[in-house]
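Any read-out appearing in this document is the output of simple, stated calculations on the displayed coordinates, not a laboratory observation. Keep in mind it's a predicted model, so treat the numbers as computed, not measured. Glycine gets a Cβ as well: all are built from the backbone with ideal geometry, and neighbour counts include every protein chain shown.
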Amino acid sequence: MLFPIAAWGQSGSEGCHSSLRVMAGTSTLIDCALQTESYTYQWTSKNPSWLAYLHDVTAASPYFHAPVDVDMPYQIEYRRLVIDDEGTVVGQGLILITVYQSSGESVVLDGVQRSWSGSEASIEIGSDGISELDVSEEPFLRCVPRITVNSGEMAQIPCTGLHSSGGLLGYRVELDWPPYNETKSLGVGAFNYSVRAPAIQEVASVRMLEVFAWVPGAEQEVSALVEVHVVNRAPTLTCEDLVVDEAVDATVPCSVESEQAVQIQLISQPALVQPGIYDDWPRLVIPEIERDTSFSVTVRAFAEDQVMEKAFTVIVQNTSGPAEFGIECNPVHREVYEGDPAFDIVCNAIDSPTDELSWTWSAEGETPLELLEPDLTSENLGTATFSVPEEVTQDTFYGYTVTATHADAGTSNRVNISITVLEKPDIAVVCEDAQARTGDPPLRLMCTASNSKEIPLTYQWHWTPSARLSDPAVATPLFEVPADQQELIQEYVYEVTASAEFADPPATPTRVVVTVLKNLGQLSLTCKSPIEVYAGSPEVPLECSVPMPVPPDIAWTWELLSGTEDLLVQGIGGAPPIFHTPAHIASATTWAYLLRVDAPPHYDISEPQQVEIIVLARPVLSLECPQRVEVTVGQSPQPISCSVTNDQDLDLAYQWRWTPPTRLSDAAVASPLFEVPLRQRAVSITYPYTVTVWSDLADPVEASVEVTVLNPATLPSEAMEVTTSGLDLGVVAPRGQVALDPATQQISGQIYEGSPNAGRMILRVQDSVVVSLEQLPSVVLHHSEEDQTLTLVPEWAYSESCVQFQANTQAGQTLQSSLEPGDCHVIRIGGAVSLEGAAPGTYSGDAAMILTLNEVEEIYTVPVMLTVGAARHVVVLGPSGVRIEPDPGATLYGEERIHIWPQVAAFGPEHRRATFELHNPSLYPMEVEISTEFGYREHGDSGSILVSDPGTGPGNLATDLSVYPGVVLLLPGETKQVQSAISESLEERGYAGMFNFAVTPRSYIDQRRAPVPAAPARIMFQVPAVYIPGSEPAPLRAQVESQTEEALIVVFETDAAPFYGQVLVLDDEGREVGRSDLLVVTRSRVRIALDDSSQTPFRLSFVSNAPNQPSPADVLLSDDL
């Protein structure tokens, strides 16, 4: 029994074989594994007609019914989709089936060639079930023998290649289409090739190309020829003559065949259509005539890239009867070019009863009559000569009328003569200069011609001289490049011109320069590699060179092979590239580059050279020095020993520096000698030093050393006890000055809070001594956070008793006193500080006193503390209303009022609490109720409005605020605090809210007392609260609304974080001319009073009052406001 043979390829995915070979007309089971019963299957194909060969496209393993009529091996491709019960594709496989024709085909199985006979064949299959085909068998290649393509378009070449082994073939295409030829290898894989058809001028042309196919690794190669029929589907215009009766409308007897849009122009005399260019064919308007007449009509069709022109004749038949006699002229209409020879116009009478006619010539319109000269010598006076103008600036129409009159019969007739003198188009030639190198193949030179009328012309070309040109009579001749030359640069100069019939050639020839450069060959490049360098070292020029003489204008190119980033930069003046050494690396890193050098145009680029730069990590130094060294006055010079090591145990050359070099034998060594003083007045003097060590390969490290020189004389502490206490000036306002009198301890200035006290220095002695005191002239107080200072001018008072202070203010800076055993003396320290321009914050410093006892000096210091508070404003509430004013600490006016501070509560991620101080300076008790709600002020088109809708703008801060206590009772003169805190975590965004302070005087609450009618019984005051996220400055935008000599009105906006602080107006010299408090939640309008009315450009500077928010950038306001 015979069975059809199915030869399978390797096993594919999803349990199916990837390839199958069958005979035409047979049926074969495509055996695929069944994954699970819950899966469904779908077979698809890029050609839907191939699905008809499967008996069931939803079966896991369908039968394939091979087509019957197959004249060559035929490949069919299927894709099998596996779908789960949720409709998701969980797998897919590709199956390729090759169908062979049923006779004349043979395959090789088990090394034996077997022939197919009929629709089935009996073939033995190997033990593994797979046939082994011979790759040496000749491949199969078939191409469509001929294709047709439009001129200049791309053409797809359809070819099919197969091999009985099922493997892929390699392909190559060769063509020779002068002036172009190509041999292109398509590699191994599917055949896919397109080629652009040449642009031809003729109607059609046939070009040949050859396709080659081979089996990779085998010698057999087959080829197939393909005829490429190139057709020129240019637009065509055809016309026929027309016979028509007089005084009718007629269709133009022309047609255009074009794939492009075409416009039409008709020219005739007389005009049979309105002059112009038409998108569609117009109708001809036939005039009335006296006898049968013919008209010549010129048709021009304008396509996208060309102009077509045809002429036809309109023969008009007279239908109203003949005239008594007629006139026949030749020519009636004629087109000539400027400069053409003169020609005759000959007119004769037809059917005239006698020859005794008088002839008259006249010009129409502005036509000059002098160009027409009647022939007075001829027997026929109906002849005239037209002299064609030598030059016209444009196409010019000349109209004449010839009239014949029969005086005896009293009849006449006339004919209109039209002559069009065409301007010859001016030819322009454009050429491209060219460049080549000796030894190059012939170089095609390119020139193109055009004319001023853009009409098709046939140009004749002329190249002078013709040396080294393949054809000096074409637009693009080939230039024969010399094989070698002596000069580095040789120029060949040609003059090119073009001419055409009925056209003016260019006034001057076009100059073409062909530059031939001497080819000096390929550059040779050598580079040193590898290069080792330490991180942080100076930049390293690569050690690369080319043989002498070094050509000028060499250029370096490189490619990074390894390394974190490209660190090469171009050298100067053609020098090799420079490597910018990285400052720091964690471990040794290699940068690898491929370098090339080029010196166009005479040299070819060099072969690549690989260069490696190994960057080593810098060693880390460890410095060991004694922190303290004590010596005694009068000792010999003492050594100070320091040592250094590095983490890589390298033998490095270290450099040392001791600063300052005071009393050191050598400040540039590791262990210098300290020169001990022979004597000193002070008990001890400390000499601080900074030791720095470094090397060329390592970063510097530092250490501190203190050398203390002790005086062996009796120390003051053994004869006298000295104690000190600090000077505290309290919390003061940032204006004016604060001063403390050390004698009376009275303080002047605006004090916010605190208990100011003078500094003290108490002296107690056990022996009789004479003490000298010296006070330094000033004390510098430093801001705890900012780089700002204040200066205290100290004052001191002296008392000889520690029990009863009898002040003796000291005018001088020195004091000398004698003390007996058991005495106790006191020095009090005060002074004055100017606060103008002081930034809020804590300032501190030390007031120094030099105490001399037994010729031994000792310095004692008294700490000085001063806190500058932010400028405070208070809310004054009373029967006369509400006002905000600076906290003056002034007397009362008998009104009921309350002071609330601060005026704005600013929160942040690190500042989630706020404290309000409520002070009652009035004579009446006050009850204050505190609550929170959402809201903020925003400047709108109609002025400032209160935004109370929490759905817009910033977040609602009121929902996350807690206040304690909610109600506060303040007695006259009493101050209490109200605490507030954010109870929940907030997002990184801006929040806003309000603190409501409802104030009611207790006297009004007392039911036994009638309210005062003129005063309000309850007053509400709101304090804004904002949450400022992060630590970035608020991006503020400022717009000047108006400016006067007294003030600026500015609108501020922010889209992100709110801003709370002050805005300063500075002139162009940086001088402050105005400031104002500023709170911007979204949009605020601020009036800033100006101290100076100058109109110079202003700069807005900002000072943030929020503890976590830096100040925004300055805003420059131009003088064009």
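Taking 30 Å as the straight-line reach from the Cα of residue 310, the lysines in range (excluding those fewer than 8 positions away in the same chain) are 424, 453.
Based on the alpha-carbon gyration tensor of the stretch 445-550 and its eigenvalue square roots a ≥ b ≥ c, which shape applies: rounded if a/c is under 1.5, prolate if not and a/b is larger than b/c, or oblate? Walk me through the numbers on the way to the answer.
Numbers: a/c = 4.97, a/b = 2.77, b/c = 1.79.
Since a/c reaches 1.5 and a/b is larger than b/c, the shape of the stretch 445-550 is classed as prolate.
Here residue 684 and residue 88 are evaluated by their C-beta separation; at R0 = 60 Å the FRET efficiency comes out at 0.10. A dipole drawn for the chain from +1 and -1 charges on Cβ atoms has a positive end, and of 204, 396, 997 the residue lying farthest that way is 997.
Evaluate the charge dipole of the stretch 773-868 about its Cα centre and quote only its size in Debye, nearest 20, assuming +1 on the Cβ of each Lys and Arg and -1 on the Cβ of each Asp and Glu. The partial results should precede the final answer.
Details: 1 positive and 13 negative charges, 59 e Å.
Roughly 280 debye for the stretch 773-868.
Computed over neighbours whose Cβ is under 14 Å from that of residue 737, the net charge equals -2, Lys and Arg +1, Asp and Glu -1.
Given the peptides 605-615, 987-997, arrange them by the average over their residues of other C-beta atoms within 10 Å, most packed first. Walk me through the numbers before you get to the answer.
Values: 605-615: 17.8, 987-997: 19.4.
The packing order, highest mean first, is 987-997, 605-615.
Kirkwood Rh over Cα pairs of the stretch 433-479 into Stokes-Einstein at 25 °C, 0.890 mPa s: D in µm²/s? For the chosen part, D equals 200 µm²/s. All C-alpha pair distances within the stretch 748-834, sorted into 10 Å bins from zero, spread as 14, 39, 30, 14, 3 percent across the bins.
Positive contributions from Lys and Arg (+1) and negative ones from Asp and Glu (-1), summed over other residues with Cβ under 15 Å from the Cβ of residue 499, come out at -3. Ranked from largest, the principal axis spans of the Cα set of the stretch 1037-1117 equal 34, 22, 17 Å.
In this calculation the C-beta distance from residue 255 to residue 205 is compared with R0 = 35 Å, giving a FRET efficiency of 0.85. Other residues lying with their Cβ under 9 Å from the Cβ of residue 300 contribute a combined charge of 0, Lys and Arg counting +1, Asp and Glu -1.
When the alpha-carbon atoms of the stretch 526-616 are used, the pair Rg, Dmax equals 13.5, 45 angstrom.
Gain on full extension, evaluated as 0.36 nm per residue between residue 328 and residue 648 minus their Cα-Cα distance, stands at 103.3 nm.
For residue 81 and residue 236, what does the FRET efficiency come to when R0 = 60 Å and r is the distance between their Cβ atoms, rounded to the nearest 0.05? Walk me through the numbers on the way to the answer.
Numbers: r = 53 Å, r/R0 = 0.89.
Once rounded, the FRET efficiency stands at 0.65.
So the label point goes 7 Å from the Cα of residue 612 along Cα→C-beta, right? Which residues of the stretch 515-536 then have their backbone N under 12 Å from it? Zone members listed by number: 529-532.
Would you calculate the volume per residue, in Å³, of the smallest convex hull containing every Cα atom of the chain?
498 Å³
Full extension of the chain between residue 1039 and residue 543 yields a length gain of 172.6 nm, computed as 0.36 nm times the residue separation minus the alpha carbon distance. A full extension of the chain between residue 702 and residue 360 corresponds to an added length of 111.0 nm, given 0.36 nm per residue minus the alpha carbon distance. Protection proxy ranking of 394-403, 500-509, by the mean of other Cβ atoms within 10 Å over each peptide's residues and highest first, is 394-403, 500-509.
About its Cα centre, what dipole magnitude does the chain give when the only charges are +1 on Lys and Arg Cβ and -1 on Asp and Glu Cβ, stated in debye to the nearest 20? Please report the intermediate quantities before stating the final value.
Numbers: 56 positive and 151 negative charges, 1085 e Å.
Value, rounded to 20: 5220 debye.
A simple packing score, the average count of other Cβ atoms within 10 Å per residue, orders the peptides 1040-1048, 326-334 as 326-334, 1040-1048, with the highest score first.
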